[in-house]
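Colleague: Below you will find the structure I want to go over with you.
The values are calculated or read from the model by the stated rules, or taken from the named source; none is laboratory data. No experiment lies behind these values; they were computed from the predicted model shown. No Cβ is skipped: glycine too gets one built from the backbone with ideal geometry, and neighbour counts run over all protein chains shown.
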Amino acid sequence: METVLFAILGIAAILAALLTITSPSPIASALYLVGVMFSLAGLYVLLAAPFVAAIQVIVYAGAVIVLMLFVIMLLNLRPVEEKSAAGWQTAGIAVASLVLLTAFVAIMSASSQLAVVNDVPTTFGKTVEIGKLLYSRYLYAFEVVAVLLLLAIVGAVALIRKPDSADGDGEAHAD
C-alpha cells in the first residue's frame, strides 16, 4: 500500500513540476508549485515525518507561495507574446517524461533488493529534535535563509518602484 501511495504522490509531484515549468502563466505556475509542495508533504508523511510534512504545507505551500504570488502581482507581468515552438516543447516534455519513467521503474524494481532499515530512532521527525538541530547545528544556515528571503522581497519592491519625479532631482513633489 505504501508503495502505491509513494508512486501516486511521486508521479503527481513530477507532473505538477512539469506543469510548473511549462505553464505560460506565472500565476498558474505558482499554483502548480503548490501541488508539488502538497505531494512532497504526502511523501514526508509516508516517511513517518509528520512535523516536516506540516512545515512543508505551512511554510512552503502557504507562506512562500503567497510571497511569490505577491511578487508576481507587484511586477505586473504582461502576457508573453512570443511562444516557443510547440513541437520542441512537446518533444522536450516527452523525452523528460520517458527519462523520469525509466528512472522510476529502475528504482522501483531495485527497491526489493535494498536492505530494510529498522533502526530509526524514536525521536526521528519530532519537533523537539528538529528544533534542537535547527537552532544549534544549522543556526547560521537558518539565518542566511531568512536574510535571503528579506533580500528577495527588497529586490522585488525595488524592481516595481517607480521614480518619484520626472526631473531626476530625487525629491518627491506633492501633486
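Colleague: Assess whether Leu150 counts as being modelled with pLDDT of 70 or more, part of a helix (DSSP H, G or I) and touching a helix residue (DSSP H, G or I) at 6+ places or on another chain (Cβ under 9 Å). Can you show your working first?
Modeller: Working: modelled with pLDDT of 70 or more: yes; part of a helix (DSSP H, G or I): yes; touching a helix residue (DSSP H, G or I) at 6+ places or on another chain (Cβ under 9 Å): no.
Considered against the rule, which asks whether it is modelled with pLDDT of 70 or more, part of a helix (DSSP H, G or I) and touching a helix residue (DSSP H, G or I) at 6+ places or on another chain (Cβ under 9 Å), Leu150 comes out as no.
Colleague: Determine whether Ile130 is surrounded by 10 or more Cβ atoms within 10 Å (Cβ to Cβ), at pLDDT 75 or above and under 30 Å from Thr3 (Cβ atoms).
Modeller: Details: surrounded by 10 or more Cβ atoms within 10 Å (Cβ to Cβ): yes; at pLDDT 75 or above: yes; under 30 Å from Thr3 (Cβ atoms): yes.
Spelling it out, Ile130 is indeed surrounded by 10 or more Cβ atoms within 10 Å (Cβ to Cβ), at pLDDT 75 or above and under 30 Å from Thr3 (Cβ atoms).
Colleague: Please work out if Met73 is in contact with a Leu (Cβ under 8 Å, 6 or more places away or on another chain) and either over 20 Å from Gly10 (Cβ atoms) or modelled with pLDDT of 80 or more (or both). Let's see the steps before the verdict.
Modeller: On the way: in contact with a Leu (Cβ under 8 Å, 6 or more places away or on another chain): no; either over 20 Å from Gly10 (Cβ atoms) or modelled with pLDDT of 80 or more (or both): yes.
No.
Colleague: Taking region 125-141 on its own, how many of its residues are assigned to a helix (DSSP H, G or I) and closer than 18 Å to Ala49 by Cβ?
Modeller: Going through region 125-141, the residues assigned to a helix (DSSP H, G or I) turn out to be 127-134, 139-141.
From the residues that got through so far, the ones that are closer than 18 Å to Ala49 by Cβ too are 127-134.
Of the residues in that region, 8 qualify.
Colleague: So, in region 27-51, of the ones that are β-branched (Val, Ile, Thr) and crowded, with 18+ Cβ neighbours inside 10 Å, which residue ends up modelled with the lowest pLDDT? Quick ask: steps written out before the conclusion?
Modeller: So in region 27-51, the residues β-branched (Val, Ile, Thr) come out as 27, 34, 36, 45.
Narrowing the set further to residues that are crowded, with 18+ Cβ neighbours inside 10 Å leaves 34, 36.
Numbers: Val34: 89, Val36: 92.
The extreme case among them is Val34.
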